[in-house]
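Here the structure is laid out as structure tokens; the discussion comes afterwards.
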């Protein structure tokens with residue numbers, strides 16, 4: 001074959017493109033999982049949460065979350081008497097080792113687990129300049145870490161403070177709703193280990209999911225509904241002081 | 001208003017000069033064509049094939065997120081083998097507590113039970129995480145101040161973690177009811 005220098009140079013870009021796909025390979029997809037058949041959400045039953053921190057530890061184990069950063073965390077609220085607009089909130093190490101005993105000082109105390117709300121109109125995906133974070137067709141907000149520039153726009157945009165920059169990869173990171181588990185028919189790591197059933201994964205597109213009955217019969221809220229983010233983490237029995 | 005400068009003197013043109021003008025256009029067109037081809041080739045090289053498959057992002061990223069390895073096997077997997085523990089748990093209040101809440105992530109043990117042994121647990125730490133008294137815990141949840149309740153004695157001296165209620169004959173012996 002007559003391959004001149006000119007021809008070779010012309011072929012090189014095409015070869016580079018082809019080789020990239022040879023190297024990358026295709027990741028193993030979950031069989032029988034249809035993206036369009038699911039619409040994932042979570043239910044958090046605040047009166048059931050005992051603040052043990054099992055969810056925080058499980059999340060860190062399952063997803064290799066770096067120490068000092070959290071994809072989910074637990075907050076302890078203290079609301080004294082009528083000061084509903086000024087709750088005292090603490091979360092020592094994200095509640096990972098539980099909470100130290102607190103003094104009974106009147107008012108009310110309770111725990112609130114937090115995580116990404118997997119908003120259907122999420123502000124974080126709208127600000128990404130490169131399309132590195134997105135809402136999947138089954139309603140989970142994910143980060144493509146090979147595409148993320150680490151510009152931190154999304155970290156600022158999230159009204160719930162659910163994102164951080166991983167110090168090792170310098171890319172944005174957040175709760176994936178254990179996407180690798182839920183696509184295989186398992187529940188999330190945090191829901192799996194919750195001893196009281198305070199956290200439950202829910203599929204809003206599944207008509208047999210108990211979430212529908214629960215939402216009908218309980219007083220349920222989302223966080224910051226005035227921001228119209230379409231949050232899909234539903235809180236049962238949540239006090240008005242929770243931000 | 002009409003331009004009132006000096007009349008522009010046009011040099012005498014031959015036919016050759018007319019062709020030369022067209023040549024300029026052809027060169028420009030060629031440069032633009034090369035630019036366009038370079039753009040298309042570069043774009044194909046830089047933009048991943050699955051970009052735009054579902055939206056303004058790389059479609060393959062979904063499958064990559066789903067390919068992350070699992071650490072927690074899930075209690076249904078545990079219950080497949082440990083049927084004796086399932087029966088025991090059914091008799092007590094810990095029936096709803098999933099295995100890995102206390103035993104930790106054991107997907108590796110579930111994959112290869114022979115070679116991966118679950119670590120021994122420290123009940124003094126584990127039980128207290130849930131049952132240490134805290135005013136923020138819901139009132140229905142059983143809580144103790146461990147220092148007063150056991151005085152440092154390991155919880156499993158009296159309580160069986162899979163069925164935590166102390167049997168009647170034991171309570172009679174120790175003179176304590178729980």
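Considering the stretch B:73-82 alone, what residues qualify as being at the interface with chain A (Cβ under 10 Å from one of its Cβ atoms) and more than 17 Å from the chain's Cα centre (by Cα)?
Of the residues in the stretch B:73-82, the ones at the interface with chain A (Cβ under 10 Å from one of its Cβ atoms) are B:73-77.
Passing the criteria: B:75, B:76, B:77.
Evaluation of residue A:86 against the conditions (1) buried (at least 21 other Cβ atoms within 10 Å of the Cβ); (2) more than 10 Å from chain B (Cβ to nearest Cβ) shows that the sole unmet condition is (1).
Residue B:70 - would you say it is touching a helix residue (DSSP H, G or I) at 6+ places or on another chain (Cβ under 6 Å) and within 7 Å of chain A (Cβ to nearest Cβ)? Against the criterion (touching a helix residue (DSSP H, G or I) at 6+ places or on another chain (Cβ under 6 Å) and within 7 Å of chain A (Cβ to nearest Cβ)), residue B:70 qualifies. Based on what the data block shows, is residue A:152 surrounded by fewer than 19 Cβ atoms within 10 Å (Cβ to Cβ) and modelled with pLDDT of 95 or more? Yes. Is there a residue being part of a helix (DSSP H, G or I), modelled with pLDDT under 70, more than 10 Å from chain B (Cβ to nearest Cβ) and more than 22 Å from residue A:233 (Cβ to Cβ) anywhere in the stretch A:24-37? For the stretch A:24-37, residues part of a helix (DSSP H, G or I), modelled with pLDDT under 70, more than 10 Å from chain B (Cβ to nearest Cβ) and more than 22 Å from residue A:233 (Cβ to Cβ): absent. Looking only at the stretch A:126-140, how many residues end up being touching a strand residue (DSSP E or B) at 6+ places or on another chain (Cβ under 6 Å) and surrounded by fewer than 16 Cβ atoms within 10 Å (Cβ to Cβ)? So the count comes out to 0.
Kindly establish whether residue B:42 is within 9 Å of chain A (Cβ to nearest Cβ), farther than 30 Å from residue B:165 by Cβ and in a helix (DSSP H, G or I).
So residue B:42 fits the description; yes.
Of A:231, A:202, all but one fail to be out of contact with any strand residue (DSSP E or B) (no Cβ under 6 Å at 6 or more places or on another chain), surrounded by 15 or more Cβ atoms within 10 Å (Cβ to Cβ) and outside any helix (DSSP H, G or I); the exception is A:231. Whether a residue is within 27 Å of residue B:151 (Cβ to Cβ), within 11 Å of chain A (Cβ to nearest Cβ), modelled with pLDDT of 90 or more and in contact with a helix residue (DSSP H, G or I) (Cβ under 9 Å, 6 or more places away or on another chain) was assessed, and residue B:131 passes this test. Per the conditions (1) within 14 Å of chain B (Cβ to nearest Cβ); (2) free of Cβ contacts under 8 Å to residues at least 24 places away in the same chain; (3) assigned to a loop (DSSP other than H, G, I, E, B), the sole criterion not satisfied by residue A:209 is (1). The residues in the stretch A:49-78 that are within 7 Å of chain B (Cβ to nearest Cβ) and touching a residue at least 60 places away in the same chain (Cβ under 8 Å) can be counted, and the count is 7. Selection over the stretch B:136-155 of residues that are crowded, with 17+ Cβ neighbours inside 10 Å, at pLDDT below 90 and assigned to a loop (DSSP other than H, G, I, E, B) gives a count of 1.
Which one of these does residue A:105 not meet: (1) loosely packed, with under 14 Cβ neighbours inside 10 Å; (2) out of contact with any strand residue (DSSP E or B) (no Cβ under 8 Å at 6 or more places or on another chain); (3) within 11 Å of chain B (Cβ to nearest Cβ)? Only one criterion is unmet by residue A:105, namely (2). Of the residues B:95, B:31, B:85, the single one that is part of a helix (DSSP H, G or I), without any contact (Cβ under 8 Å) to a residue 40 or more places away in the chain, out of contact with any helix residue (DSSP H, G or I) (no Cβ under 7 Å at 6 or more places or on another chain) and more than 10 Å from chain A (Cβ to nearest Cβ) is B:31.
Just to be sure, is residue B:128 in contact with a strand residue (DSSP E or B) (Cβ under 7 Å, 6 or more places away or on another chain) and assigned by TED's automatic domain parsing to the domain that holds residue B:162? It is false that residue B:128 is in contact with a strand residue (DSSP E or B) (Cβ under 7 Å, 6 or more places away or on another chain) and assigned by TED's automatic domain parsing to the domain that holds residue B:162.
The values are calculated or read from the model by the stated rules, or taken from the named source; none is laboratory data. None of the values given here were measured: they were computed from a predicted structure. FYI the Cβ positions are ideal-geometry reconstructions off the backbone, even for glycines, and counts take in every protein chain you see.
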